[in-house]
1. Given R₀ = 22 Å, what would the calculated FRET efficiency be for residue 25 paired with residue 116, taking r from the Cβ atoms and rounding to 0.05?
2. Nearest 10 degrees is fine. How inclined is helix 70-84 to the longest principal axis of the chain, computing both from alpha carbons?
3. Given the Cα-Cα distance of residue 96 and residue 70 and 0.36 nm per residue of separation, how much length would full extension add, in nm?
4. Once the piece of chain linking residue 13 and residue 105 is laid out straight, how much longer is it, given 0.36 nm per residue of separation minus the C-alpha distance between them?
5. Taking neighbour counts of Cβ atoms within 10 Å as a proxy for exposure, in what order, fewest first, do 16, 122, 56 appear?
6. How large is the translational diffusion coefficient of the range 2-120 in µm² per second when you combine the Kirkwood radius over alpha carbon pairs with Stokes-Einstein at 25 °C and 0.890 mPa s?
7. Under the 0.36 nm per residue contour assumption, what length would be gained going from the current alpha-carbon distance of residue 55 and residue 82 to full extension?
Amino acid sequence: MEELLRAALLADAGVTGHAGDRVNYGAHPQGAPRPGVVLNTISDAGGHLIAAPEVTSQARVQVDCYADSYGAAKHLSRAVRQALNGYVAGAILGCFHAAARDGRDGGIYRVSLDFDVQYRTT
């Protein structure tokens, strides 16, 4: 699921128009320019079926959009939201925007987006 979401963002012209190929899981590489996108899986709960193997899972993924200005972070977050909200492809059964919040750490601005993702595990 993680690789599929990253690939979806890298395939989206709106996202890459702002961030280039700077879409990563876990952390933005030290020294890499901004803007950039960082994805983190917040939770992942498998489906619960009696007498059957799990075939689907429900995850919450946080997507942080970092930039040197609030405006740049906000524009990138809008592109990410447009790319992922309602996304369905391959093993991704549905990806839906759930929450957003803004933040700042020193001179780095962040817009965080949460997505609920249902996906096929097999």
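1. That pair, residue 25 with residue 116, gives E of 0.80.
2. So the inclination is approximately 20 degrees.
3. Details: separation 26, 0.36 × 26 = 9.36 nm, distance 2.37 nm.
So the extension gain works out to 7.0 nm.
4. Values: separation 92, 0.36 × 92 = 33.12 nm, distance 2.76 nm.
Additional length available on full extension: 30.4 nm.
5. In increasing order of surrounding Cβ atoms, one gets 122, 56, 16.
6. Numbers: Rh = 14.6 Å.
It diffuses with D of about 168 µm²/s by this estimate.
7. Stretched out fully, the residue 55 to residue 82 stretch lengthens by 7.0 nm.
Read-outs throughout are calculated quantities, based only on the coordinates presented, and are distinct from any laboratory measurement. Source: prediction; values computed, not measured. When we count neighbours, we look across all protein chains shown, and the Cβ atoms used for this are built from the backbone with ideal geometry, even at glycine.
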